Amino acid sequence: MNKTSLLQRFQKYFVGLFFLTFRMKKIPLANRRLHWGLTIYGKSLLFFILIFLFLLFVKTIHPFLSKNAPIKADILIVEGYLPDYAMKDVLKEYRHGHYKMIIVSGNPVDFGFYYSRFGSTADAGRVTLIKLGLDSTKVVAAPAPYEQRDRTHAGAIAAKHYIDSLKIPYRTINLYSFGCHARRSWMLFQHTFGKQYQVGVIRTNKNSYRPERWWKYSDGVREVVDESVAYIYARFFFSYK
């Protein structure tokens, strides 16, 4: 190989490399961007804001869920799953509130159906109130049919159907509910009964934990978490029948 042919090959190589570099500049493979990030002061401020929001949630969520807003009413609707100690409070409310009647709403029992004489929590709640001293002619049960989901709403529908069947002039109702379930029940009953009825809510608390310190009890944490999720579902995703 002579010097002339070798020189020609080097020229072709460098010319090709030049054109390749020129083309690569027209097809950028990377670029430089301005990136904003939090400083140590910004991260500290964000941390304290999150802590504040968490503490605010802890202090306000239980009073929010366990709503208590009674009105002057003619009818008292009681959710039949209430325990006996809560039913004693129901009896006191009935006597002090001068109600015309009590309706116990409820769903079919989850267990004990075959050996218990109560087919639903509505029937069990009615008998409990009678055993506590309530006149049997003043309280009726309005059991709902079996529903795999949305049982509170089914109970509200059954109670409304019963009241409508009586064709009575009463249009004011207090719903007696339990703990953090109160706000969700109140919302569902209000929507079910519609604008022609005025619905209030009376809440009694569980005796298994202190409401003002609910986060210190397993039952309190479980109830707040479960009812928070259930309320969000009922408020934003529930499809009313």
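All of the numbers you see were taken from the coordinates with simple rules; none came from a lab. Since we're looking at a predicted model, the values are computed, not measured. Here Cβ is always computed from backbone atoms with ideal geometry, including for glycine, and neighbour counts include all displayed protein chains.
Peptides 193-203, 227-237, 77-87, 46-56, ordered by how many other C-beta atoms sit within 10 Å of their residues on average, highest first, read 77-87, 193-203, 227-237, 46-56. Counting charges near K138 (Lys, Arg +1; Asp, Glu -1) among other residues having Cβ under 15 Å from its Cβ returns a value of +2.
Computed from label points 7 Å out along Cα-Cβ, the spacing between F52 and T39 is 1.9 nm. Between E147 and R32, the simple spin-label model (points 7 angstrom out along Cα→Cβ) gives 6.4 nm.
Beyond 27 Å in Cα-Cα separation lie the following of the pairs K88/K138; K59/K131; K160/K216: K59/K131; K160/K216.
The ellipsoid equivalent to the alpha-carbon distribution of segment 64-236 has semi-axes of 23, 19, 17 angstrom, derived from the gyration tensor eigenvalues as √(5λ) and listed largest first. Taken one residue at a time, the phi angles of segment 176-183 give Karplus couplings (6.51, -1.76, 1.60, θ = phi - 60°) of 9, 10, 9, x, 6, 6, 4, 5 Hz. Gly and Pro are set to x. On full extension, the segment bounded by W215 and I232 gains 4.1 nm, given 0.36 nm per residue less the C-alpha separation.
Amide hydrogen proximity for Y176: with H placed 1.01 Å from N in the peptide plane, the residues at 5 or more positions away or on another chain lying under 5 Å are I77, V78, E79, I202.
A straight chain from Y85 to T172 at 0.36 nm per residue would run longer than the Cα-Cα distance by 28.8 nm. Considering only T192, I173, A234, the residue lying farthest towards the positive end of the dipole of segment 130-241 is I173, judged by Cα position with unit charges set on Cβ. A Cβ-based charge dipole, computed about the Cα centre of segment 64-236 with Lys and Arg at +1 and Asp and Glu at -1, lands at about 420 debye.
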